[in-house]
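Notes follow once the structure below has been shown.
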Amino acid sequence: MLDLIIKDGKTIHEQPIEIGILNGIIVEVAPVVDQEAKEIISVNQRYLSAGWIDSHVHCYEKMSLYYDFPDQIGWTKGVTTVVDAGSTGENNIREFYEMLKQSRTNVLALMNISKDGIVHQDELADLSKINEENNLTRLAELPEFIIGIKVRMSRTVVGENDIIPLHMAKALQYKANHLPLMVHIGSAPPKLEHILTLLEPGDIVTHCYNGKPNGILDEHGAIKACAWDAYRRGVLFDIGHGSDSFNFRVGSKAVAEGLICQTISTDIYHRNRENGPVYDLATTLEKGLAIGLSLADVIKMVTENPAKQFHLKDRGYLAVDQRADLTIFDVQATKEVLYDSNGNTVELSQKIVPIATVIGGKYYQL
């Protein structure tokens, strides 16, 4: 007998789907699951996907600069897994890990190469805060929790150090079995072309559609050659919306010309959740629709793609032997205005509404 069957769902391709769950694992995926179960829940022809993964958030509650609470940006918003992107470093990431045992939402982390993470805006201005030996020790201690490395490469963060912290991050990456590396881009220096030249296939550029002069568009509004070169070499692009890092014009231009992000993430923390323009992952997915992506595209960008880029083999797909992490959602017609990080607007015609989440086989109505 199964623990739970989710019945009467549909895929993003409008095909019927039901899910059988036992001991927190998916054991059957079919148009109809015809077994007995302790609990059977109908989702009444709502969309059913693998659990959404927000691959760039900030949710270390003890921080004062960028922080939030995992369950307020997680399961209550249709998100089953969040990846904290560099809030903590080797000096405080273990405490972060221990705190998360109380969270219902799955939380994974990218470790900042600076020892205390983002305690201050300029965490990479003092290179003495980067200790490779300590970083390697912490990565070895928490391999199931720390799934990658984070380095923020913009002028306000690196101070006078320009590209040096990225060289240090790459050196650490090589010694850590080539863990995924996420690189924040922003104001220069360092220049975008200098950053992208150092990146390799599988490295992740976050804030890829920002509207800053050091972004992917040149002064004439064309996509820079260095961005195309990195994209074609297999460098991965992530939206990482944030308070100041997503622009409709840049995103629409990139999508129209084929420089399409692999992942959609929020870069959420309490202020841009409470006051906007981010609010939650569903709203960010709607902005993906607004720049020309399809519903199938945006759902893949928060399920299969982040699971693949962070080597998460137990989630991201509706398949047997995957974790029973699911998102049930609806798509409704609407007329609603959305804002990007620079105050530009679009009128939304479709609204994505999370209805319920399943985490580890447990069903939670929103």
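The values are calculated or read from the model by the stated rules, or taken from the named source; none is laboratory data. Everything numeric in this text was worked out from a predicted model, so none of it was measured. A quick note on method: Cβ atoms are made from the backbone with ideal geometry, for glycine too, and the neighbour counts reach across all protein chains shown. To get the accessible areas, we keep the full protein, side chains included, count just its heavy atoms, and leave off ligands, DNA and RNA. Shrake-Rupley method; radii C 1.70, N 1.55, O 1.52, S 1.80 Å.
What angle do you read, to the nearest 10 degrees and between 0 and 90, between the alpha-carbon axis of helix 164-175 and the longest principal axis of the chain?
Approximately 50 degrees, to the nearest 10.
Whenever you get a sec, line up Ser114, Ser103 from highest to lowest accessible area (probe 1.4 Å, protein heavy atoms).
Ser103, Ser114
Expressed as an acute angle from 0 to 90° and rounded to the nearest 10, what is the orientation of the C-alpha long axis of helix 132-141 relative to the principal long axis of the chain?
Taking Cα atoms only, the helix is inclined about 10 degrees.
Modelling each spin label as a point 7 Å along the Cα-to-Cβ direction, I'd like the Glu193/Gln332 distance in nm, to one decimal.
Going by the 7 Å Cα→Cβ label model, 4.9 nm.
Expressed as a rounded percentage, what relative contact order does the chain have, with Cα pairs under 8 Å and six or more residues apart?
19 percent
If I model a spin label as a point 7 Å beyond the Cα along the Cα-Cβ vector, how far apart are those points for Ser252 and Asp162 in nm?
Label at Ser252, label at Asp162, 3.7 nm between them.
So what does Trp52 come to for accessible area, using a 1.4 Å probe and Å² rounded to 10?
Counting only protein heavy atoms, the figure is 0 Å².
Report, in debye and to the nearest 20, how large the dipole of the range 52-310 comes out about its Cα centre when Lys and Arg carry +1 and Asp and Glu carry -1 on their Cβ.
Using only the charged Cβ atoms, the result is roughly 340 debye.
In whole Å, what is the distance between the alpha-carbon centres of the range 168-185 and the range 76-116?
18 Å
How big is the gap, in Å, between the Cα center of the range 135-153 and the Cα center of the range 60-74?
19 Å
Taking the dipole about the Cα centre of the chain, with the C-beta of Lys and Arg at +1 and of Asp and Glu at -1, give me whichever of Leu127, Leu108, Gly20 is farthest to the positive side.
Farthest towards the positive end: Leu127.
Hey, with R₀ at 35 Å, roughly what FRET efficiency would Glu200 and Glu36 work out to, going by the Cβ-Cβ distance, to 0.05?
Once the sixth-power term is evaluated, E becomes 0.10.
Just to confirm my numbers, what's the Cα centroid distance between the range 15-45 and the range 284-315 in Å?
Using only Cα atoms to place each centre, the spacing works out to 23 Å.
Restricting to the chain, what percent of DSSP beta bridges are antiparallel, rounded to 5?
Given both bridge residues lie in the chain, the antiparallel proportion sits at roughly 50 percent.
What is the angle, in °, between the Cα long axis of helix 248-257 and the longest principal axis of the Cα atoms in the chain? Nearest 10 is fine, range 0 to 90.
Approximately 80 degrees, to the nearest ten.
Set the Förster radius R0 to 35 Å, insert the Cβ-Cβ distance between Glu61 and Trp228 as r into 1/(1 + (r/R0)^6), and round the FRET efficiency to 0.05.
Between Glu61 and Trp228 the formula returns 0.30.
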